[in-house]
Structure formats: C-alpha cells, structure tokens
Amino acid sequence: MSFFAPVSTPVLAEGYTPVLRRAFDHARRIGNYALVQAAVQLLAFTSGILLVRWLPQREYAYFTIANAMQATLMLLADIGISTGLISIGGRVWHDRHRFGELIKTGVAVRRRLAAVAIVVVTPILYAMLSKNGASSIDIVFLIVLVLIGFTFQLSIDVFSVVPRLHSDIRRIQTIDFTCAVFRLLLILGLIYVFSSAGLAVAIATATFLLQYLLLRSYAGKVVDLNARENPEDRREIMRLIKNLAASAVFYCFQGQITVFLISFFARHAGSVAEVGALGRLAMIFTVLMNMMTNIFVPAFARSHEKRKLALLYVLIVGGVLLFSAAVLAGAAFFPDQFLFVLGNRYAHLHRELLLMVAGAVVSALSGALWLLNASKVWVTGSWFYIPLTLATQAALIPFTDFSSVAGVLTFNLISLLPGLVVNLALGYRGFRSLVSAVG
C-alpha cells in the first residue's frame, strides 16, 4: 500500500524492486507537487509584495486588519469541522453518496457557526479600523467585503477536502495556480491605478469566488452534492466541536494577537503596516503547510498500521524542522536580502524580521504537529495549552512594550511555545495509545 495515495502499482521497470519503485513514485509525486506549489506561492508572494509596495502605509494597515479579522472569522466557523471532515472522510471518501452526506453536513454546521462568528468579530473589526483612523464609510465598505469573502470561504474549506482525500493532487494544483494567476492579474491591472485597502480586499474576495466555483464544480463530479445531511456525522462533528471549542476559540484570537495588540496599542497605523508587511515574508511557510494539508496529512489519516504511522510522523516532522531551520538561518544571516523585497519603508526592520520568522517557525512546527494529531483525533486535553499560554503571557506583560513592533513580536514568539509543547505531548500520548491497543 502506498504511503501517500491509493494508486495502482505500475509495471515495474527492470532492475527495480517494488519497494524502490514505490519510493521513486512517492518522491516524484511530492517533487512535482512541490514545484507547482512553489510556483503558486511565488505568484501569491508577488501579489502580496505588490500590495506592500504600492499601498500607502495607512491603507496597508487597514488591509492587514481586515485580513486578520477574516482569518479569525474562518477559525471561529471551523471549530472541529475540518478535523471531523478529515477524520470521517478518511473512512468514507470512496463512497460517492456517503461522502456527499459528509460534505453536506459539514457545510450546514459551518453556516451555523458562521452566524455566531459574524456577531462576535464584526464589532471588533469596526473598533480596530476606527482606532487606526479609518472613516466610517471605509469601515462599512471593508466589513461588507470581508463578510462576502467569508461566505465563499465557508464552502471552499469544506469542498477542498474532496480532492485532498481523493489524492487528486493535479486538480488541487490547477485550482491553486488558476486562482493565483487571477489574483496577480487583477492586482497588476487595478491596484496601481486605485491604491486602497478596499480594492485589495475586493480582489481577494473575487479570488475566493473563483476558487469556490472551481472546487464546487469538481466536487459535484465525484461526490453526491444532493445527498442529505447525515445525523451520525453531525453528532461526531458536534462532539469534536465540544472537545475543541475552548482551544479553538482561544487559538483564533491568539493566532492574530500581533495584529490585535499593535492595532490597539501602537502610536500610529504605520506599526500595523510593518507587522503586516513582515507577515508577507512568513508566507514562505505556506508551501510547507499546503504540502502538509494536501499530501501528508491525508496520507497519515488513511494509514492505520502502527509502524507506518510512526515512520510518516518522523519523516513529516523532521522535514518541517529542516525547512524551518534553513529559513531561520537565512533571516539571521541575510536580513537585507529578505527586507529588500518589501521596499525602503520597511528596510530598517532587521530585529523585527528575525522575531517574525522565529514566530513563524514555531507556529509552523506546532501547526504541523496539530494537523497530524487532529487527523487521528488525538486531541483530548488539547485545551491544556490555554492556561499554559495565559500564564506565560501574564508573566510577560510587565516586561513587554506593546507600543513597539519588536515588543509585540517577542510577546507573540514566547506565547507560541506552550502550544508546541502540548502538541508534542498529544502526539506522544497518541502513539502510546496505539501501543497499548496492540498490546
């Protein structure tokens, strides 16, 4: 059985053993995916850098806040749902009708959570924009655009599970590449003429619409989208929501803590823009996390043999560590080269760059461990990182200057460490439970 996809075994080339042939197949598929994904992220990175360079700092600050709040909305609307879709989908993906029931149930539950998320987040978004000098008209316009994009994202994340569990990597790549090109073309055609945060958010919303249409069209061909909701799936997803609610709600705000803090405590909107611009450089980890989401985690979810699971776990986590170490070393030894792409307005952020990348490294490693643990529902007790993080942050408050970018980024970096420790513990306990079950 293949580690990474349920593919049929081709005729073996002369001189190759079956094991070696499978290894070459895996390496080829991962290499092809990495190359295309790198191209996609290069396009996305270029789009982001164009926004950093062309938008005035105040407008880029508004765009950063809108982006952060849209991410918060998505996390609040996803408590336990993605975990349930991957976990249940790993068992039913081959059944068109049964998989359709799961997708239908996931969309329905997500919409209910979305209504709550909108009520909670919208006033916070209004306050953050107002605090940084946005006019009432601009605030209303940005909120409307964020909510429209959010409605498309609700279904995008559910439908994206279909090609992932079917290991249709080529389709995933085609959709990602098409959307990246579409967004870049819109930016090149519009943003230089009309440089505003509203236009930047509108371009992102248009891209979400295209992604939604492409994913829904694909899903309609391989699953039964007319299937009814499945009560058992709903119960299992609701059980996961109850188990994950506290940690997920905490994480959704914790994940945007740098933007929250700098928005409310900074002396001017330029500090918000600096945090947002540095965050663009952390996009280099998007390639890694997309490979985790689309290749490695589904393979880990489908695998049920203890030794294979252990090997996959070590290989995946080891790969994340090596990649992270290389990026961190680059930021430490070549900061000018990293900052050059952001333009002269951000060229002085040497210390801040290293702090941002270090935080992205810890976040990527913790996120990779969480994705692996969640795919096997090794999540019991995950809430424990909340008191650990709060205790860490309480200890840091007297020593942190929240009005400076460096102070906020240092606070964020240290705050991420308890989550990393807890995810390591969850993985260790998950493998111990497998040993106990076998014994």
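The values are calculated or read from the model by the stated rules, or taken from the named source; none is laboratory data. Not measured: the values here are computed from a predicted model. Note: ideal-geometry Cβ built from the backbone for every residue, glycine included; neighbour counts use all protein chains shown. We work out accessible area using only protein heavy atoms, side chains counted, and drop any ligands, DNA or RNA first. Shrake-Rupley method; radii C 1.70, N 1.55, O 1.52, S 1.80 Å.
Candidates are the residues of region 140-176 that are open to solvent by 50 Å² or more (accessible area, probe 1.4 Å) and not polar (S, T, N, Q); the one that is farthest from LEU43 (Cα to Cα) is VAL140. Set side by side, the residues ILE79, ILE86 differ, and just one is part of a loop (DSSP other than H, G, I, E, B) and either without any contact (Cβ under 8 Å) to a residue 12 or more places away in the chain or of a type in the set (A, V, I, L, M) (or both), which is ILE79.
As a summary of the residue check, TYR192 satisfies the conditions (1) over 20 Å from ALA77 (Cβ atoms); (2) modelled with pLDDT of 90 or more except for the one numbered (2). Under the condition of being modelled with pLDDT of 90 or more and in contact with a helix residue (DSSP H, G or I) (Cβ under 7 Å, 6 or more places away or on another chain), the residues counted in region 381-401 number 7. GLY367 meets the stated requirement of being within 15 Å of GLN254 (Cα to Cα), in contact with a helix residue (DSSP H, G or I) (Cβ under 8 Å, 6 or more places away or on another chain), touching a residue at least 40 places away in the same chain (Cβ under 8 Å) and not polar (S, T, N, Q).
Beta carbons closer than 8 Å, at least 6 apart along the sequence or on distinct chains, pair a first residue in region 137-158 that is within 17 Å of SER217 (Cα to Cα) with a second that is open to solvent by 20 Å² or more (accessible area, probe 1.4 Å) and among the small types (Gly, Ala, Ser) for ASP157/SER82. For region 245-271, the tally of residues that are under 25 Å from ALA77 (Cα atoms) and either of a type outside the set (Gly, Ala, Ser) or crowded, with 20+ Cβ neighbours inside 10 Å (or both) stands at 17.
Within region 343-356, the set of residues being in a helix (DSSP H, G or I) and open to solvent by less than 10 Å² (accessible area, probe 1.4 Å) comprises TYR346, LEU353. Taking the condition within 20 Å of the chain's Cα centre (by Cα) and within 28 Å of HIS304 (Cβ to Cβ), does SER155 pass? Considered against the rule, which asks whether it is within 20 Å of the chain's Cα centre (by Cα) and within 28 Å of HIS304 (Cβ to Cβ), SER155 comes out as no.
Scanning region 225-236 for residues that are crowded, with 18+ Cβ neighbours inside 10 Å and either of a type in the set (Ser, Thr, Tyr) or out of contact with any Ser or Thr (no Cβ under 7 Å at 6 or more places or on another chain) (or both) yields one hit, GLU236.
Quick one: is LEU420 among the aliphatic types (A, V, I, L, M), touching a Ser or Thr at 6+ places or on another chain (Cβ under 7 Å), surrounded by fewer than 22 Cβ atoms within 10 Å (Cβ to Cβ) and touching a residue at least 24 places away in the same chain (Cβ under 8 Å)? Yes: the conditions hold for LEU420.
Look at (1) open to solvent by less than 40 Å² (accessible area, probe 1.4 Å); (2) modelled with pLDDT under 90; (3) in a helix (DSSP H, G or I) and you find that PHE63 fails only one, number (2).
Among the residues here, TRP378 qualifies as outside any helix (DSSP H, G or I) and within 25 Å of PHE296 (Cβ to Cβ).
Looking only at residues of region 288-324 that are open to solvent by less than 30 Å² (accessible area, probe 1.4 Å) and among the β-branched types (Val, Ile, Thr), we find that the one that is nearest to LEU339 (Cα to Cα) is VAL320.
Only one of the numbered conditions (1) part of a helix (DSSP H, G or I); (2) in contact (Cβ under 8 Å) with a residue 24 or more places away in the chain is not met by LEU185, and that is (2). Please specify each residue of region 265-275 satisfying the condition of being assigned to a helix (DSSP H, G or I) and over 15 Å from HIS350 (Cα atoms). Once the filter is applied, which keeps residues that are assigned to a helix (DSSP H, G or I) and over 15 Å from HIS350 (Cα atoms), region 265-275 yields PHE265, ALA269, GLY270, VAL272, ALA273.
Screening ARG91 with (1) modelled with pLDDT of 90 or more; (2) farther than 23 Å from LEU214 by Cβ; (3) surrounded by fewer than 20 Cβ atoms within 10 Å (Cβ to Cβ) gives one miss only, at (1). Here LEU225, LEU209, LEU240 are screened, and the one residue that is out of contact with any Leu (no Cβ under 6 Å at 6 or more places or on another chain), modelled with pLDDT under 85 and either closer than 25 Å to ILE79 by Cβ or of a type in the set (Val, Ile, Thr) (or both) is LEU240. Looking only at residues of region 181-203 that are surrounded by 22 or more Cβ atoms within 10 Å (Cβ to Cβ) and not β-branched (Val, Ile, Thr), we find that the one that is farthest from ASP138 (Cα to Cα) is ARG183. Taking the criterion of being open to solvent by 40 Å² or more (accessible area, probe 1.4 Å), out of contact with any Pro (no Cβ under 7 Å at 6 or more places or on another chain) and in a helix (DSSP H, G or I), the residues of region 386-412 that qualify are PRO387, LEU390, ALA391, ALA394, ALA395, ILE397, PRO398, PHE399, THR410. Taken over region 105-120, the criterion of being in contact with a Phe, Trp or Tyr (Cβ under 9 Å, 6 or more places away or on another chain) and either surrounded by fewer than 21 Cβ atoms within 10 Å (Cβ to Cβ) or not small (Gly, Ala, Ser) (or both) is satisfied by VAL107, ALA114, ILE118.
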